[in-house]
Amino acid sequence: MSTATAVAHPNIALVKYWGKRDVPRNLPAVPSLSLTLGGFETRTTVTWGAPTDTVELDGAPAPEKAAAKVRAFLDLLDPQRPPCRVVSANSFPTGAGLASSASAFAALALAGAAAAGQDTDPVRLSILARQGSGSASRSLWGGFVVWQAGERADGLDSHGVPLLPADAWDVRMVVGVVSTAAKAVGSTEGMERSRATSPLYATWLAQAASDLDEGRRAVLARDLDGLGRVMEASTYKMHATMMTSQPPLLYWQPGSVACLQAVWRLRAEEGVSAWTTMDAGPQVKVLCAAADAERVAAVLAPHAARVHVLGPGGPARLEPA
Ligand code: DP6
(Lines give C-alpha, C1' and ligand atoms only; values in the text may rest on other atoms or scores of the structure.)
Protein backbone atom coordinates (compact mmCIF):
# COMPACT_ATOMS: atom_id res chain seq x y z
CA MET A 1 0.00 0.00 0.00
CA SER A 2 1.27 3.48 -0.78
CA THR A 3 -0.34 6.92 -0.68
CA ALA A 4 0.32 10.20 -2.52
CA THR A 5 -1.41 13.60 -2.50
CA ALA A 6 -1.34 16.02 -5.44
CA VAL A 7 -2.63 19.55 -5.93
CA ALA A 8 -3.60 21.01 -9.33
CA HIS A 9 -5.19 24.26 -10.48
CA PRO A 10 -7.95 24.79 -13.02
CA ASN A 11 -7.19 26.56 -16.30
CA ILE A 12 -9.16 28.78 -18.66
CA ALA A 13 -8.68 28.48 -22.41
CA LEU A 14 -7.63 31.66 -24.19
CA VAL A 15 -7.69 29.92 -27.59
CA LYS A 16 -10.40 27.30 -27.30
CA TYR A 17 -10.65 23.53 -27.60
CA TRP A 18 -13.99 22.48 -29.09
CA GLY A 19 -14.19 19.32 -31.18
CA LYS A 20 -12.52 15.91 -31.18
CA ARG A 21 -10.78 13.96 -33.91
CA ASP A 22 -10.97 10.72 -31.89
CA VAL A 23 -13.56 10.36 -29.13
CA PRO A 24 -12.34 7.13 -27.41
CA ARG A 25 -8.76 8.43 -27.12
CA ASN A 26 -10.01 11.98 -26.47
CA LEU A 27 -7.88 13.57 -29.17
CA PRO A 28 -8.73 17.18 -30.07
CA ALA A 29 -9.52 18.46 -33.55
CA VAL A 30 -7.80 21.78 -32.71
CA PRO A 31 -4.86 23.03 -30.65
CA SER A 32 -5.59 25.29 -27.67
CA LEU A 33 -3.88 27.75 -25.33
CA SER A 34 -4.72 28.31 -21.66
CA LEU A 35 -3.88 30.17 -18.49
CA THR A 36 -3.59 28.12 -15.29
CA LEU A 37 -5.28 29.97 -12.43
CA GLY A 38 -3.98 30.29 -8.89
CA GLY A 39 -6.20 30.58 -5.82
CA PHE A 40 -8.48 27.70 -6.70
CA GLU A 41 -7.23 24.12 -6.53
CA THR A 42 -8.15 20.44 -6.43
CA ARG A 43 -6.38 18.30 -3.79
CA THR A 44 -6.47 14.55 -4.40
CA THR A 45 -5.09 11.67 -2.35
CA VAL A 46 -4.74 8.23 -3.91
CA THR A 47 -4.09 5.13 -1.81
CA TRP A 48 -2.77 2.41 -4.09
CA GLY A 49 -3.90 -0.81 -2.40
CA ALA A 50 -7.16 -0.58 -0.41
CA PRO A 51 -9.86 -3.11 0.56
CA THR A 52 -12.12 -1.93 -2.31
CA ASP A 53 -12.28 0.90 -4.86
CA THR A 54 -13.77 3.97 -3.18
CA VAL A 55 -14.05 7.53 -4.48
CA GLU A 56 -14.89 10.47 -2.24
CA LEU A 57 -15.54 13.97 -3.62
CA ASP A 58 -15.85 17.03 -1.39
CA GLY A 59 -16.45 14.93 1.71
CA ALA A 60 -19.12 12.57 0.34
CA PRO A 61 -19.13 9.38 -1.76
CA ALA A 62 -18.83 10.43 -5.43
CA PRO A 63 -21.90 10.01 -7.65
CA GLU A 64 -21.60 6.68 -9.53
CA LYS A 65 -20.95 8.34 -12.92
CA ALA A 66 -17.97 10.30 -11.54
CA ALA A 67 -16.71 7.29 -9.55
CA ALA A 68 -16.81 5.13 -12.70
CA LYS A 69 -14.72 7.74 -14.60
CA VAL A 70 -12.16 7.77 -11.79
CA ARG A 71 -11.95 3.95 -11.72
CA ALA A 72 -11.54 3.81 -15.51
CA PHE A 73 -8.83 6.46 -15.30
CA LEU A 74 -6.90 4.46 -12.67
CA ASP A 75 -7.16 1.44 -15.01
CA LEU A 76 -5.27 3.50 -17.60
CA LEU A 77 -2.42 3.93 -15.12
CA ASP A 78 -2.27 0.16 -14.58
CA PRO A 79 -4.81 -2.35 -15.91
CA GLN A 80 -3.59 -4.82 -13.23
CA ARG A 81 -3.91 -2.27 -10.42
CA PRO A 82 -5.07 -3.16 -6.90
CA PRO A 83 -8.26 -1.60 -5.48
CA CYS A 84 -7.64 2.08 -4.67
CA ARG A 85 -9.05 4.73 -2.38
CA VAL A 86 -9.39 8.22 -3.90
CA VAL A 87 -10.25 11.28 -1.80
CA SER A 88 -10.60 14.55 -3.71
CA ALA A 89 -11.73 18.04 -2.73
CA ASN A 90 -12.05 21.34 -4.59
CA SER A 91 -11.21 24.57 -2.80
CA PHE A 92 -13.63 26.37 -5.12
CA PRO A 93 -17.40 26.09 -5.35
CA THR A 94 -18.67 23.46 -7.77
CA GLY A 95 -20.28 25.26 -10.68
CA ALA A 96 -18.07 28.32 -10.26
CA GLY A 97 -17.61 28.23 -14.00
CA LEU A 98 -14.07 26.99 -13.77
CA ALA A 99 -13.54 23.66 -15.42
CA SER A 100 -13.15 21.49 -12.31
CA SER A 101 -12.54 18.45 -14.56
CA ALA A 102 -9.21 20.04 -15.61
CA SER A 103 -7.76 20.33 -12.11
CA ALA A 104 -9.45 17.05 -11.08
CA PHE A 105 -7.82 14.84 -13.71
CA ALA A 106 -4.45 16.62 -13.50
CA ALA A 107 -4.36 16.03 -9.72
CA LEU A 108 -5.61 12.44 -10.10
CA ALA A 109 -2.97 11.63 -12.74
CA LEU A 110 -0.14 12.97 -10.57
CA ALA A 111 -1.34 11.46 -7.27
CA GLY A 112 -2.19 8.13 -8.94
CA ALA A 113 1.15 7.81 -10.73
CA ALA A 114 3.10 8.73 -7.58
CA ALA A 115 1.09 6.33 -5.39
CA ALA A 116 1.72 3.56 -7.94
CA GLY A 117 5.44 4.29 -7.93
CA GLN A 118 5.36 5.28 -11.61
CA ASP A 119 7.17 7.96 -13.63
CA THR A 120 5.63 11.40 -12.91
CA ASP A 121 7.07 13.20 -15.94
CA PRO A 122 4.51 15.95 -16.77
CA VAL A 123 4.33 15.09 -20.49
CA ARG A 124 3.41 11.49 -19.65
CA LEU A 125 0.87 12.73 -17.07
CA SER A 126 -0.56 15.27 -19.54
CA ILE A 127 -1.20 12.45 -22.06
CA LEU A 128 -2.93 10.49 -19.31
CA ALA A 129 -4.90 13.44 -17.93
CA ARG A 130 -6.11 14.27 -21.45
CA GLN A 131 -7.89 10.91 -21.53
CA GLY A 132 -9.84 11.89 -18.41
CA SER A 133 -10.76 15.34 -19.74
CA GLY A 134 -9.11 17.21 -22.60
CA SER A 135 -8.60 20.48 -20.75
CA ALA A 136 -6.83 18.57 -17.92
CA SER A 137 -3.85 18.03 -20.25
CA ARG A 138 -3.08 21.75 -19.76
CA SER A 139 -3.27 21.82 -15.93
CA LEU A 140 0.01 19.94 -15.37
CA TRP A 141 1.86 23.22 -15.93
CA GLY A 142 1.49 26.68 -14.47
CA GLY A 143 1.03 29.93 -16.37
CA PHE A 144 0.42 29.84 -20.12
CA VAL A 145 0.22 26.40 -21.72
CA VAL A 146 -0.33 25.18 -25.28
CA TRP A 147 -2.10 21.85 -25.86
CA GLN A 148 -0.79 20.71 -29.20
CA ALA A 149 -3.42 18.72 -31.08
CA GLY A 150 -0.88 16.21 -32.39
CA GLU A 151 -1.18 14.01 -35.45
CA ARG A 152 -0.53 10.52 -34.21
CA ALA A 153 -3.38 8.03 -34.01
CA ASP A 154 -2.15 6.82 -30.62
CA GLY A 155 -2.26 10.36 -29.18
CA LEU A 156 1.29 10.31 -27.83
CA ASP A 157 1.98 13.74 -29.37
CA SER A 158 -1.24 15.29 -28.01
CA HIS A 159 -0.23 16.89 -24.72
CA GLY A 160 0.46 20.20 -23.04
CA VAL A 161 3.61 22.24 -23.66
CA PRO A 162 4.52 25.06 -21.24
CA LEU A 163 4.76 28.47 -22.93
CA LEU A 164 5.33 31.03 -20.15
CA PRO A 165 5.51 30.36 -16.40
CA ALA A 166 3.03 31.86 -13.93
CA ASP A 167 5.40 34.55 -12.63
CA ALA A 168 6.39 35.79 -16.10
CA TRP A 169 3.30 37.93 -16.76
CA ASP A 170 1.10 39.29 -13.97
CA VAL A 171 -2.36 39.29 -15.58
CA ARG A 172 -5.72 38.62 -13.92
CA MET A 173 -8.77 36.57 -14.84
CA VAL A 174 -11.89 38.08 -13.29
CA VAL A 175 -14.69 35.52 -13.12
CA GLY A 176 -18.31 36.65 -12.99
CA VAL A 177 -20.41 33.74 -11.70
CA VAL A 178 -23.77 34.32 -13.37
CA SER A 179 -25.42 31.01 -12.45
CA THR A 180 -24.34 27.87 -10.62
CA ALA A 181 -27.04 25.62 -12.13
CA ALA A 182 -25.55 22.43 -13.63
CA LYS A 183 -24.83 22.70 -17.36
CA ALA A 184 -27.51 21.35 -19.67
CA VAL A 185 -25.21 19.65 -22.18
CA GLY A 186 -21.70 18.50 -21.23
CA SER A 187 -18.62 19.29 -23.32
CA THR A 188 -18.15 15.85 -24.84
CA GLU A 189 -21.75 15.61 -26.07
CA GLY A 190 -21.76 19.26 -27.16
CA MET A 191 -18.55 18.89 -29.19
CA GLU A 192 -19.88 15.86 -31.03
CA ARG A 193 -23.12 17.66 -31.77
CA SER A 194 -21.22 20.62 -33.23
CA ARG A 195 -19.01 18.35 -35.34
CA ALA A 196 -21.99 16.47 -36.72
CA THR A 197 -24.37 19.39 -37.35
CA SER A 198 -22.90 22.90 -37.31
CA PRO A 199 -22.33 24.47 -40.75
CA LEU A 200 -19.63 26.60 -39.10
CA TYR A 201 -17.60 23.65 -37.78
CA ALA A 202 -15.37 23.44 -40.88
CA THR A 203 -14.50 27.14 -40.59
CA TRP A 204 -13.85 26.71 -36.87
CA LEU A 205 -11.32 23.96 -37.65
CA ALA A 206 -9.76 25.85 -40.56
CA GLN A 207 -8.96 28.93 -38.46
CA ALA A 208 -7.80 27.23 -35.26
CA ALA A 209 -4.10 26.93 -36.10
CA SER A 210 -3.72 30.60 -37.02
CA ASP A 211 -5.61 31.67 -33.87
CA LEU A 212 -3.21 29.53 -31.84
CA ASP A 213 -0.17 31.11 -33.54
CA GLU A 214 -1.53 34.59 -32.91
CA GLY A 215 -2.25 33.75 -29.26
CA ARG A 216 1.19 32.24 -28.75
CA ARG A 217 2.90 35.30 -30.25
CA ALA A 218 0.84 37.66 -28.07
CA VAL A 219 1.70 35.73 -24.89
CA LEU A 220 5.42 35.73 -25.69
CA ALA A 221 5.29 39.47 -26.42
CA ARG A 222 3.18 40.14 -23.24
CA ASP A 223 0.76 41.88 -25.62
CA LEU A 224 -2.52 42.04 -23.65
CA ASP A 225 -4.53 43.76 -26.42
CA GLY A 226 -3.33 41.23 -29.00
CA LEU A 227 -4.07 38.28 -26.73
CA GLY A 228 -7.46 39.72 -25.79
CA ARG A 229 -8.42 40.20 -29.45
CA VAL A 230 -7.62 36.62 -30.45
CA MET A 231 -9.21 35.26 -27.25
CA GLU A 232 -12.48 37.05 -28.04
CA ALA A 233 -12.27 35.92 -31.69
CA SER A 234 -11.76 32.27 -30.65
CA THR A 235 -14.47 32.51 -27.98
CA TYR A 236 -17.20 33.86 -30.26
CA LYS A 237 -16.31 31.56 -33.16
CA MET A 238 -16.68 28.66 -30.72
CA HIS A 239 -20.01 29.96 -29.42
CA ALA A 240 -21.26 30.60 -32.96
CA THR A 241 -20.40 26.97 -33.76
CA MET A 242 -22.27 25.87 -30.62
CA MET A 243 -25.32 28.02 -31.40
CA THR A 244 -25.54 26.76 -34.98
CA SER A 245 -25.51 23.11 -33.88
CA GLN A 246 -28.78 21.17 -34.06
CA PRO A 247 -30.42 21.35 -31.63
CA PRO A 248 -28.65 24.63 -30.75
CA LEU A 249 -26.26 24.86 -27.81
CA LEU A 250 -26.77 28.18 -26.08
CA TYR A 251 -24.84 28.34 -22.81
CA TRP A 252 -25.55 32.04 -22.21
CA GLN A 253 -27.97 33.51 -19.69
CA PRO A 254 -29.28 37.11 -19.67
CA GLY A 255 -26.71 37.87 -16.94
CA SER A 256 -23.92 36.65 -19.24
CA VAL A 257 -24.90 39.17 -21.92
CA ALA A 258 -25.11 41.94 -19.31
CA CYS A 259 -21.56 41.09 -18.14
CA LEU A 260 -20.18 41.01 -21.71
CA GLN A 261 -21.73 44.38 -22.52
CA ALA A 262 -20.49 45.92 -19.27
CA VAL A 263 -16.91 44.90 -20.11
CA TRP A 264 -17.15 46.11 -23.72
CA ARG A 265 -18.51 49.46 -22.45
CA LEU A 266 -15.60 49.73 -20.02
CA ARG A 267 -13.19 49.13 -22.88
CA ALA A 268 -14.89 51.56 -25.26
CA GLU A 269 -15.59 54.36 -22.80
CA GLU A 270 -12.64 54.18 -20.40
CA GLY A 271 -10.01 52.50 -22.56
CA VAL A 272 -9.48 49.63 -20.08
CA SER A 273 -7.77 46.66 -21.75
CA ALA A 274 -10.31 44.06 -20.57
CA TRP A 275 -11.28 41.06 -22.72
CA THR A 276 -14.09 38.56 -22.35
CA THR A 277 -14.30 34.82 -22.68
CA MET A 278 -16.90 32.11 -21.96
CA ASP A 279 -16.85 28.31 -21.99
CA ALA A 280 -19.59 25.67 -21.91
CA GLY A 281 -21.56 27.53 -19.26
CA PRO A 282 -23.01 30.97 -18.44
CA GLN A 283 -20.04 32.43 -16.50
CA VAL A 284 -18.10 35.36 -17.98
CA LYS A 285 -14.33 35.51 -17.49
CA VAL A 286 -12.38 38.68 -18.15
CA LEU A 287 -8.65 38.89 -18.89
CA CYS A 288 -7.03 42.15 -17.81
CA ALA A 289 -3.95 43.71 -16.22
CA ALA A 290 -3.56 43.25 -12.45
CA ALA A 291 -4.04 47.01 -11.95
CA ASP A 292 -7.46 46.95 -13.68
CA ALA A 293 -8.89 43.86 -11.93
CA GLU A 294 -10.87 45.71 -9.24
CA ARG A 295 -12.40 48.04 -11.85
CA VAL A 296 -13.45 45.04 -13.95
CA ALA A 297 -14.84 43.25 -10.87
CA ALA A 298 -16.93 46.33 -10.08
CA VAL A 299 -18.62 46.42 -13.50
CA LEU A 300 -19.41 42.67 -13.35
CA ALA A 301 -20.77 42.76 -9.78
CA PRO A 302 -24.30 44.09 -10.54
CA HIS A 303 -24.89 41.21 -13.00
CA ALA A 304 -23.17 38.32 -11.20
CA ALA A 305 -23.95 36.30 -8.08
CA ARG A 306 -20.23 36.35 -7.18
CA VAL A 307 -17.02 37.71 -8.63
CA HIS A 308 -13.59 36.09 -8.21
CA VAL A 309 -10.28 37.76 -9.10
CA LEU A 310 -7.66 35.12 -9.93
CA GLY A 311 -4.01 35.41 -10.94
CA PRO A 312 -1.76 32.94 -12.76
CA GLY A 313 -1.26 29.65 -10.92
CA GLY A 314 1.65 27.23 -10.74
CA PRO A 315 2.08 23.65 -11.96
CA ALA A 316 0.44 20.54 -10.50
CA ARG A 317 2.57 19.39 -7.56
CA LEU A 318 2.93 16.58 -5.05
CA GLU A 319 2.41 17.35 -1.40
CA PRO A 320 5.24 16.18 0.83
CA ALA A 321 4.23 12.89 2.51
C1 DP6 B 1 -15.31 25.02 -23.76
O2 DP6 B 1 -11.98 19.47 -21.42
O3 DP6 B 1 -14.30 19.63 -20.43
O4 DP6 B 1 -13.96 24.66 -21.83
O5 DP6 B 1 -12.35 16.57 -23.23
O6 DP6 B 1 -14.80 16.26 -23.36
O7 DP6 B 1 -13.69 16.39 -21.11
P8 DP6 B 1 -13.67 16.82 -22.57
O9 DP6 B 1 -13.95 18.37 -22.58
P10 DP6 B 1 -13.43 19.54 -21.64
O11 DP6 B 1 -13.79 20.75 -22.63
C12 DP6 B 1 -13.43 22.06 -22.43
C13 DP6 B 1 -14.08 22.91 -23.48
C14 DP6 B 1 -14.03 24.39 -23.21
C15 DP6 B 1 -12.86 25.03 -23.94
C16 DP6 B 1 -11.48 24.74 -23.38
O17 DP6 B 1 -11.31 24.56 -22.16
O18 DP6 B 1 -10.54 24.74 -24.20
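The values are calculated or read from the model by the stated rules, or taken from the named source; none is laboratory data. It should be emphasised that the depicted structure is a prediction, and the values quoted were computed from it without experimental measurement. No Cβ is skipped: glycine too gets one built from the backbone with ideal geometry, and neighbour counts run over all protein chains shown. These area figures cover heavy atoms from the full protein model, side chains too; ligands, DNA and RNA do not enter into them. Shrake-Rupley method; radii C 1.70, N 1.55, O 1.52, S 1.80 Å.
Points worth noting:
- Accessible area per residue (1.4 Å probe, heavy atoms of protein chains only) ranks VAL257, VAL146 as VAL257, VAL146, with the largest value leading.
- Heavy-atom accessible surface of the chain: percent carbon and sulfur, 1.4 Å: 55
- Rounded to the nearest 10 degrees, the inclination of helix 64-77 to the longest alpha-carbon principal axis of the chain is 70 degrees.
- About the Cα centre, charge dipole magnitude for the chain (Lys/Arg +1, Asp/Glu -1 at Cβ), debye: 420
- Taking amide hydrogens as placed 1.01 Å from N in the peptide plane, the amide H of ALA305 sits under 5 Å from those of VAL177, VAL178, each at least 5 positions away in sequence or on another chain.
- Exposure ranking of LEU318, LEU212 by accessible area [1.4 Å probe, largest first]: LEU318, LEU212
- Helical mean residue ellipticity (222 nm; -39500 (n - 2.57) per DSSP H run of 4+; nearest 500) of the chain: -12000 deg cm²/dmol
- Listed residue pairs exceeding 18 Å between alpha carbons, taken from LYS16/LYS237; LYS16/LYS285; LYS16/LYS65: LYS16/LYS65
- Rolling a 1.4 angstrom probe over the protein heavy atoms with all chains in place gives the chain an accessible area of 40 Å² per residue.
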